[in-house]
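Enquirer: Input: one structure, supplied below.
The values are calculated or read from the model by the stated rules, or taken from the named source; none is laboratory data. Predicted model only: the values in this text are computed from it and were never measured. Note that we place each Cβ from the backbone using ideal geometry, even for glycine, and neighbour counts take in every protein chain shown. These area figures cover heavy atoms from the full protein model, side chains too; ligands, DNA and RNA do not enter into them. Shrake-Rupley method; radii C 1.70, N 1.55, O 1.52, S 1.80 Å.
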Protein chains: 2
Amino acid sequence: MNIEIKSENKSFDGLNRQYTHRSNTLDCDMQFGVFLPEKALQGNKLPVLFWLSGLTCTDENFMQKSGIQKIASKYNVIVVAPDTSPRGESVPDDVDKSYDFGLGAGFYINATQEPWKKNYQMYSYILEELIPLVDEHFPVDDTRFISGHSMGGHGALTIGLKNSELFKSISAFSPICNPSQVPWGIKAFSNYLGDDKNQWKKYDALELVKNNKPNLPILVDQGSDDVFYAEQLSTVSFQKQLNAYDSDQFSVRIQEGYDHSYYFIATFLEEHIKFHLKSL
Amino acid sequence: MNIEIKSENKSFDGLNRQYTHRSNTLDCDMQFGVFLPEKALQGNKLPVLFWLSGLTCTDENFMQKSGIQKIASKYNVIVVAPDTSPRGESVPDDVDKSYDFGLGAGFYINATQEPWKKNYQMYSYILEELIPLVDEHFPVDDTRFISGHSMGGHGALTIGLKNSELFKSISAFSPICNPSQVPWGIKAFSNYLGDDKNQWKKYDALELVKNNKPNLPILVDQGSDDVFYAEQLSTVSFQKQLNAYDSDQFSVRIQEGYDHSYYFIATFLEEHIKFHLKSL
């Protein structure tokens, strides 16, 4: 698989890069961000964190706003941040150009409905294209962590839970825990997946943990002042379900006064990296 | 002076806020960013860093991209980041809407020429309006630091050098050290100040240090791979001039491989805060 460097910035003795490549899975050109700590540039194999961003984001938001480079340099972790949907003029978008469906809102699922199914295959893109590509091009050991925010928190939880052999641990900020039951998820799933709600459950973190105890550590942080907390995120239901397993492997924390922004993510990101490394 | 909170985000136990206010000096509405560490919210008086941003920036870039909140929380410093020019429909802009003159490019000087002089008074805005406003509304002690990037590095150096009684120390990233002699500066100064180059010298850091040894500590960081290094920034001339004073109070460092971006600023920002605090 060919990839090309689009931009490169030295950062904390490492390199922050943006790459472009042709995605066969999504049938379009894609971009993703990578941070390589100095130790990786020196040829050492390091763990890799896959970060999935939220609605409206591209591959750049996390790399520009989270402060991850300082943390990843300190703890020697490679970071990979893909885009949030297929892109380009040939990719269909919501007729209303809304922020919560279509471009910038791929929901990390494989669409089965027209006109979406040709491009909107973000679930397979992450697993079958991005991970092999990262294994091929970067000095990663076999340690993968997955994390994300909001729609990307939903992506991290569902991809991690369904593929626990690939990841050591999952974390999420403000994830959409139960998309089948909330406005954002209902809009996206009914368009991408059609009306059969059994198909929706495959991509619903709460459904995935209901009858199956997760076999990898999970950390979730949720701000109490997040405007989407009550209507879209279902955090308390998810917390209750994990608590029912009575395991110290799972932690869902409500952070007093924090909101849905990158200011919240930046505040707790170092704790998430420490959590992932502790899982080893 | 009245100010209004436009937005507020909890960050590292402190609050990141954006304020709006009417500026009499600039004859327009202005915005600025503030970070208040937890200790400030508890009523403690803290030092304050004034950060001046570069061309094209608003009051938001530094607050969103530099990681300052983590550092300011750790070291207990209040941060104030003003916009880079007057704003609004009544404010004249460059006819070509260029990035390096007019809106987003106030150069922290007081314009004397038409049609700029009515609004483009950023030098007086910082000194006579923003500092008193900060003293009135926030729990600051009498310790002020000033720093900035590129055009804002020029602003920090010139405002700090000309008002050393107001500041304890100056730092800058990639500053325009000798605006009178480089394309960005020549374009801005000839428009804002007219053809009399004696007027330009008042706002030129290299000119200001030529015959007067600065009486406060100065730290400058400049990336060696900055695309503007050779043509616009005159760093080596400034470094030579400060070195001629043979004082450990002045340091101009060339950082190998770094560029002009926020990735560079984020990397060395904690060192700048430590430098400022050491000046006390």
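Enquirer: May I ask you to list pairs of residues, at least six apart or on different chains, whose Cβ atoms are under 7 Å apart, with the first in the stretch B:255-274 being farther than 22 Å from B:PHE145 by Cα and hydroxyl-bearing (Ser, Thr, Tyr) and the second being surrounded by fewer than 19 Cβ atoms within 10 Å (Cβ to Cβ) and at pLDDT 95 or above?
Expert: B:TYR258/B:SER224; B:TYR258/B:ASP225
Enquirer: List the residue pairs whose Cβ atoms are under 9 Å apart, where the first residue sits in the stretch A:1-17 and is farther than 15 Å from B:TYR258 by Cβ, the second is open to solvent by 90 Å² or more (accessible area, probe 1.4 Å), and the two are 6 or more positions apart or on different chains.
Expert: A:MET1/A:ARG22; A:MET1/A:ASN24; A:MET1/A:GLU136; A:ASN2/A:ARG22; A:ILE3/A:GLU136
Enquirer: Can you confirm whether the stretch A:132-145 contains a residue that is more than 29 Å from A:LEU277 (Cβ to Cβ), at pLDDT 95 or above and within 20 Å of the chain's Cα centre (by Cα)?
Expert: No, that holds for no residue.
Enquirer: Can you go through B:GLY33, B:GLY104, B:GLY67 and tell me which one is within 17 Å of the chain's Cα centre (by Cα), small (Gly, Ala, Ser) and surrounded by fewer than 23 Cβ atoms within 10 Å (Cβ to Cβ)?
Expert: Exactly one of B:GLY33, B:GLY104, B:GLY67 is within 17 Å of the chain's Cα centre (by Cα), small (Gly, Ala, Ser) and surrounded by fewer than 23 Cβ atoms within 10 Å (Cβ to Cβ), namely B:GLY104.
Enquirer: Among the residues of the stretch A:113-133, what is the count of those that are open to solvent by 20 Å² or more (accessible area, probe 1.4 Å) and in contact with a Gly (Cβ under 6 Å, 6 or more places away or on another chain)?
Expert: Going through the stretch A:113-133 one residue at a time, the tally reaches 1.
Enquirer: Being away from chain A (no Cβ under 14 Å), open to solvent by less than 10 Å² (accessible area, probe 1.4 Å) and not acidic (Asp, Glu): is that true of B:VAL77 here?
Expert: So B:VAL77 passes the test.
Enquirer: Taking A:GLU89, is it more than 27 Å from A:PRO183 (Cβ to Cβ), free of Cβ contacts under 8 Å to residues at least 40 places away in the same chain and either within 14 Å of chain B (Cβ to nearest Cβ) or touching a Pro at 6+ places or on another chain (Cβ under 6 Å) (or both)?
Expert: Working: more than 27 Å from A:PRO183 (Cβ to Cβ): yes; free of Cβ contacts under 8 Å to residues at least 40 places away in the same chain: yes; either within 14 Å of chain B (Cβ to nearest Cβ) or touching a Pro at 6+ places or on another chain (Cβ under 6 Å) (or both): no.
The answer is no for A:GLU89.
Enquirer: Select, from B:HIS149, B:HIS154, the only residue that is in contact with a Gly (Cβ under 7 Å, 6 or more places away or on another chain) and closer than 19 Å to B:TYR262 by Cα.
Expert: Every option except B:HIS149 fails the conditions.
Enquirer: Now for a separate question. B:GLY152 passes all but one of (1) more than 20 Å from B:ALA105 (Cβ to Cβ); (2) touching a strand residue (DSSP E or B) at 6+ places or on another chain (Cβ under 9 Å); which number fails?
Expert: (1)
Enquirer: Could I ask something else about it? Given the stretch B:1-56, what strands (runs of 3 or more DSSP E) lie entirely inside it while holding 3 or more residues that are more than 14 Å from chain A (Cβ to nearest Cβ) and in contact with a helix residue (DSSP H, G or I) (Cβ under 7 Å, 6 or more places away or on another chain)?
Expert: Fully inside the stretch B:1-56 and qualifying: B:46-52.
Enquirer: Mind listing whichever residues of the stretch B:227-280 are among the β-branched types (Val, Ile, Thr), within 14 Å of chain A (Cβ to nearest Cβ) and more than 28 Å from B:THR143 (Cβ to Cβ)?
Expert: B:VAL227, B:ILE254
Enquirer: Among the residues of the stretch B:210-224, are any part of a loop (DSSP other than H, G, I, E, B), within 14 Å of chain A (Cβ to nearest Cβ) and closer than 18 Å to B:GLY104 by Cβ?
Expert: For the stretch B:210-224, residues part of a loop (DSSP other than H, G, I, E, B), within 14 Å of chain A (Cβ to nearest Cβ) and closer than 18 Å to B:GLY104 by Cβ: absent.
Enquirer: From the list B:ASP13, B:ASP59, B:ASP29, exactly one residue is of a type in the set (Asp, Glu) and closer than 22 Å to B:THR158 by Cα. Which is it?
Expert: Answer to the selection: B:ASP59.
Enquirer: Can I ask one more? Could you check the stretch A:194-227 and list, in sequence order, the residues that are open to solvent by 30 Å² or more (accessible area, probe 1.4 Å), closer than 20 Å to A:ILE170 by Cβ and hydrophobic (A, V, I, L, M, F, W, C)?
Expert: Correct list: A:LEU208 only.
Enquirer: Considering only the stretch B:168-183, how many residues are part of a loop (DSSP other than H, G, I, E, B) and open to solvent by 10 Å² or more (accessible area, probe 1.4 Å)? Break it down stepwise before answering.
Expert: So in the stretch B:168-183, the residues part of a loop (DSSP other than H, G, I, E, B) come out as B:168, B:174-178, B:182.
Those left that are additionally open to solvent by 10 Å² or more (accessible area, probe 1.4 Å): B:168, B:178.
So the answer is 2.
Enquirer: Which is under 30 Å from A:GLU38 (Cα atoms), open to solvent by 10 Å² or more (accessible area, probe 1.4 Å) and within 18 Å of the chain's Cα centre (by Cα), of B:GLU270, B:GLU231, B:GLU256?
Expert: Within the list B:GLU270, B:GLU231, B:GLU256, the selection yields B:GLU270.
Enquirer: Test each condition in (1) open to solvent by less than 10 Å² (accessible area, probe 1.4 Å); (2) over 10 Å from the mean Cα position of the chain (by Cα); (3) more than 24 Å from B:LYS278 (Cα to Cα) for B:MET151 and report the one that comes out false.
Expert: (2)
Enquirer: Now for a separate question. Name the residue that is nearest to B:LEU55 (Cα to Cα), counting only residues in the stretch B:184-209 that are hydroxyl-bearing (Ser, Thr, Tyr) and not in a loop (DSSP other than H, G, I, E, B). I'd like the intermediate steps shown before the answer.
Expert: Quick first cut of the stretch B:184-209, residues hydroxyl-bearing (Ser, Thr, Tyr) only: B:190, B:192, B:203.
So of that shortlist, the ones also not in a loop (DSSP other than H, G, I, E, B) come out as B:190, B:192.
Values: B:SER190: 17, B:TYR192: 15 Å.
The extreme case among them is B:TYR192.
Enquirer: Return the residues of the stretch B:84-101 that are open to solvent by 10 Å² or more (accessible area, probe 1.4 Å) and under 19 Å from the mean Cα position of the chain (by Cα); say none if nothing qualifies.
Expert: Hits for the stretch B:84-101 are B:ARG87, B:TYR99, B:ASP100.
Enquirer: How many of the residues in the stretch B:142-167 are part of a strand (DSSP E or B) and among the small types (Gly, Ala, Ser)? Before you say what the answer is, go through the steps one by one.
Expert: The initial filter retains those residues of the stretch B:142-167 that are part of a strand (DSSP E or B), namely B:142-149.
After this cut, where a residue has to be among the small types (Gly, Ala, Ser) as well, the list is B:147-148.
Count: 2.
Enquirer: Would you mind telling me which numbered condition in (1) surrounded by fewer than 23 Cβ atoms within 10 Å (Cβ to Cβ); (2) in contact with a Gly (Cβ under 8 Å, 6 or more places away or on another chain) A:ASN16 fails?
Expert: Looking at each condition in turn, A:ASN16 falls short on (1).
Enquirer: Could I ask something else about it? State which residue pairs qualify: first residue open to solvent by 10 Å² or more (accessible area, probe 1.4 Å) and inside the stretch B:134-148, second residue part of a helix (DSSP H, G or I) in any location, beta carbons under 8 Å apart, and separation of 6 or more residues or different chains.
Expert: B:PHE138/B:ALA40; B:PRO139/B:ALA40; B:VAL140/B:VAL134; B:ARG144/B:ILE131
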